[in-house]
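Here is the structure we will look at, set down as structure tokens.
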Amino acid sequence: MSAVSLAEPVPLHRGGTVLMRPTIIPGFRLTLGITVTYLSVIVLLPLAALAVKAAGLGFGGLWTALATERVLSAFKVSFGLSLVGAAVNAVAGLLVAWVLVRYRFPGKRIIDAFVDLPFALPTAVAGIALTALYAPNGWVGALLKDWFGMKVAFTPLGIAIALTFIGLPFVVRTVEPVLQDLPPEEEEAAACLGASRWQTFRHVILPALMPALLTGFALAFARGVGEYGSVIFIAGNMPGVTEIAPLLIVIKLEQYDFAGAAAVGMLMLLVSFAMLLVLNLLQAWMRRRHAR
Amino acid sequence: MLSIRFRPLLVAAGVALAALGARAATTSEPILNVSYDPTREFYTEFNQLFAKKWQTETGEKLTVKQSHGGSGKQARSVIDGLAADVVTLALAYDVDAIADAGLIGKDWIKRLPENSAPYTSTIVFLVRKGNPKQIKDWDDLIKPGVQVITPNPKTSGGARWNYLAAWAYAREKNGGDEGKAKEFVQKLFKNVPVLDSGARGSTVTFTQRELGDVLLAWENEAYLSLQEFGADKFEIVTPSLSVLAEPSVAVVDSVVDRKGTRKVAEAYLQFLYTREGQELAAKHYYRPRHPELAGAQYANRFANVRLVTVDQAFGGWREAQKQHFSDGGVFDQISGAR
Amino acid sequence: MPGEAHASRSTLVEPLWLRAALIVAALAFLGLFLLLPLTVVFVEALKRGVGAYWNALQEPDALSAIKLTLMTAGIAVPLNLLFGVCASWCIAKFDFHGKHLLITLIDLPFSVSPVISGMVYVLLFGLNGLLGPWLREHDVQIIFALPGLVLATIFVTFPFVARELIPLMQEQGTEEEEAAIVLGASGWQTFWRVTLPNIKWGLLYGVLLCNARAMGEFGAVSVVSGHIRGETNTMPLHVEILYNEYNFVAAFAVASVLALLALVTLAAKTVLEWRFGHELAATRRGG
């Protein structure tokens, strides 16, 4: 049978000049065609419409639409607080990943599964739940108000909490597998050489985890910048103080200011692109360092 | 082989999507009323009343669908193609904006009596029980330490009425000095900790999130809050001067002509001016245009306030919108200067 | 020698008190940020008793929101499934120029703010958009109707299935498929009999995540919905509306259905990871 096949070579699919390596597996043109068409219709074409709309303003128009105090502070709020949320997650996520990988305690697997809740819970639900918790008359909000006179909901702190919530799984999920695969020999060697546990962590474990930690941080950050549903309920939406960039887009749309909305959207998109690039570079770096 | 099996599937999916789109647009029976925030309760009841009347008169069953949101935002949706048969918005300018987009005839305001505003309202203050900050009039709102809750004038119709009422008050008090009025309104907005996008959002912020000392609210929204949360929690304070808010209604010509629903849409709006409509408006704390129709039980419901109109005080909505709420207008200047 | 080994062992594991403290700290963090928000949803929903909760879900607008959500996900998820299989087939089984660009573009919707995902369709299909006037002429309503909701949902859930399948199929290589083809199987037979059994759990995993996001999406659909009660409000949008109508019990009741859905998703996902972990992509095997 196989001899017959070898004697009569199966036609190779070259798929025009695009294919780099000939193969006998069929369906290249069809699947690539569907993929590219679908991608273009759903994602690329609409995004191009956005670019066209923003470009319609011209360079000067774009500048005047973007260089206002309100736009700048909305970007500051979105980026600054996403950074805060991602930073909290970097520390807490490392802690959670460490505890879940290294220690044994009852209910561990359930808790591990539970970490993904922010991925699965709709953002609007997270938004009203967090608001109900942290409003001055909520469970946590009332305590914080009575004990420290602190306000959380409707302040930047509230936004940071919402962004911490939605970014929570990223760091845990990127650090966990790396921590699991860390060869114990290095730690043993460090210990044998007389390093304390803290020194081992600081000089052996942490550097090995760093790429994963950074990736998780960047993912949480990127998610936070674009987040809308969970933030608007808890934010208070005060221009210049608690107004996030995505909300500003919605407000501009509501004011018939399509071009302005497109301009802000375009800027956010460019920033997303840049972050995506950084992320890919990070991941490539990670793969090189930890070629398994 | 692969391609032959795949293609019909794709085509089917495409056709299904297109068919859904086409069907949604040609369903002619139900009509859609696109309205602003605080009218939810009123139109819920009004729609049932009208549907009943329509059925007895024509024998046809009618569903009236509702959409609510900040007035400016709702107008935007209609301009973008939300197929509203009628719009019942917070102010004339938002209907003008739809008319400017060519969807409603430019003369819409003259088509129905009373500037196409079958009921009116005004702006009052809602304070917490006992009025702990002693808020009696507009001057008390700019005192340091008083937190004022109002929605965003850029997206909310009610907020624009709030803003203009404050402006009218300050200008009159300062002998017509526009500069002083601007200063006053600027101070007022410095006391605003949260700007929601619609009137309802602000009410939730004030009543539920317990933020702020005073809510600038539609009169009907303020009364509704008393009704929802009990008079033991809030009080209504009526200022010495306020603005006559005329929420506008109009048939969206391009939609009803396409759907063939002009007759029912016009009947719907005219029903607002009848005894039933006026009575229901009064019941929901809108000031009826014809109190005599609404009945004696509502005769003493509304406090006597000196009311200025936008036409008198600001030369009409287009002028007010351009000067105060357009991009780079006075509101942008004072909120940017915070 | 044993003494030395013992010494090095004690420096390899943290002291008991530290371990306990770290565990408590991690659990406290997760409790505060995950468990408490989830609990508050159910507590608020049941505040006025089971009767009020049940009534809130029986309300016609709530029912139509549930129906609309199911319908939207029911169209968006299969389309993304089809796309995901095609994309991963051509990316994993072939080497071609521009492959990395294609992978990056497929990932793109993840890094676009949901609000922008909705806005692009308004700019395209709105009455003032590029295609708006033409659509109006032909009496086709895209935004403020089901097709718009579906499109926005497809956009935000675009990468889920492809992203799950691409690494999985790359890992599995092409030998089995090549063998099948050499033995005379058609492409279609090869896919059904060889590839699909290998990827079925990964596929299910991707669909699960895709579906959860599709049913829960808020920002993107909010921009294209038009918020017509009983017609274009999906469940998350209905939650917002009820919340703005002071109807907190009903808002949290509908929210609790979505929260239950999230829990079911998590449970199903965990079961998949535990039982069929070896048949999922390497990125999923870690936990």
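Just so it is clear, none of the values below were taken in a lab; they were calculated from the coordinates. Source: prediction; values computed, not measured. All Cβ positions, glycine included, derive from the backbone under ideal geometry; neighbour counts span all protein chains shown.
Here are a few things to note about the model shown:
- Here the residues B:Glu292, B:Glu246, B:Glu276, A:Glu227, ranked from fewest to most Cβ neighbours within 10 Å of their Cβ, fall in the order B:Glu292, B:Glu276, B:Glu246, A:Glu227.
- Approximate shape of the range A:111-187 as ellipsoid semi-axes (Cα gyration tensor, √5λ), whole Å, largest first: 33, 15, 10
- Averaged over peptide A:232-239, the number of partner chain Cβ atoms lying within 10 Å of each residue's Cβ comes to 6.
- Remark on A:Thr23: its backbone amide H falls under 5 Å from those of A:His13, a criterion applied only to residues 5 or more positions apart or on other chains, H modelled at 1.01 Å from N.
- Principal axis box of the range A:138-292, alpha-carbon based, largest edge first, Å: 66, 44, 19
- Neighbours of C:Arg213, meaning other residues whose beta-carbon lies under 15 angstrom from its beta-carbon, give a summed charge of -2 when Lys and Arg score +1 and Asp and Glu score -1.
- Averaging 1/r over every pair of different alpha carbons in chain B and inverting the result gives a Kirkwood radius of 21.3 Å.
- GNM result for chain C, Cα springs below 10 Å: residue of C:Leu105, C:Leu12, C:Leu82 fluctuating most strongly: C:Leu12
- With the biggest extent put first, the Cα atoms of chain C measure 84, 61, 31 Å across the principal axes.
- The helix-based estimate of mean residue ellipticity at 222 nm for the protein assembly as shown, built from -39,500 (n - 2.57) per DSSP H run of four or more residues and divided by its residue count, is -20000 deg cm²/dmol to the nearest 500.
- With θ taken as phi - 60° and the Karplus curve 6.51 cos²θ - 1.76 cosθ + 1.60 applied, the whole-hertz 3J(HN,Hα) list for the range A:270-282 is 4, 4, 4, 4, 4, 5, 4, 4, 4, 4, 4, 4, 4 Hz, x standing for glycine and proline.
- Rounded tilt (10° steps) of B:40-58 against the dominant C-alpha axis of chain B: 40
- Fraction of antiparallel bridges per DSSP, chain B only, in percent to nearest 5: 55
- Whole-Hz couplings from phi, Karplus 6.51/-1.76/1.60, listed for the range A:255-264; x for Gly and Pro: 9, 6, 8, 4, 5, x, 4, 5, 5, 5
- Cβ-based net charge around C:Glu14, under 10 Å, with every Lys or Arg adding one and every Asp or Glu removing one: +3
- Taking one quarter of the surface of the convex hull spanned by the alpha-carbon atoms of the protein assembly as shown gives a direction-averaged projected area of 43.9 nm².
- Kirkwood Rh (inverse of mean 1/r, distinct Cα pairs), the range A:236-292, angstrom: 13.5
- In this structure, the amide hydrogen of C:Ser186, modeled 1.01 Å from its nitrogen in the peptide plane, lies closer than 5 angstrom to no residue at least 5 positions away or on a different chain.
- A simple rule links phi to the HN-Hα coupling: the Karplus curve 6.51 cos²θ - 1.76 cosθ + 1.60 with θ = phi - 60°, which for the range B:164-177 gives 5, 5, 4, 5, 4, 4, 5, 5, 5, 5, 9, x, x, 7 Hz, with x for Gly and Pro.
- Between 0 and 90°, nearest 10: helix B:262-271 axis offset from chain B longest Cα axis: 30
- Net charge of neighbours whose Cβ lies under 12 Å from the Cβ of B:Asp327, counting Lys and Arg as +1 and Asp and Glu as -1: +2
- Helix B:2-26 vs. chain B, principal-axis angle (Cα, 0 to 90°, nearest 10): 50
- Global size of the range C:70-220: 18.0, 57 Å for Rg and Dmax (C-alpha atoms, Rg to one decimal, Dmax whole).
- Label-point separation in nm, B:Asp257 to C:Ala25, each point 7 Å along Cα→Cβ: 7.0
- Anchor B:Lys180: lysines whose Cα lies under 17 Å away (excluding residues fewer than 8 positions away in-chain): B:Lys143, B:Lys190
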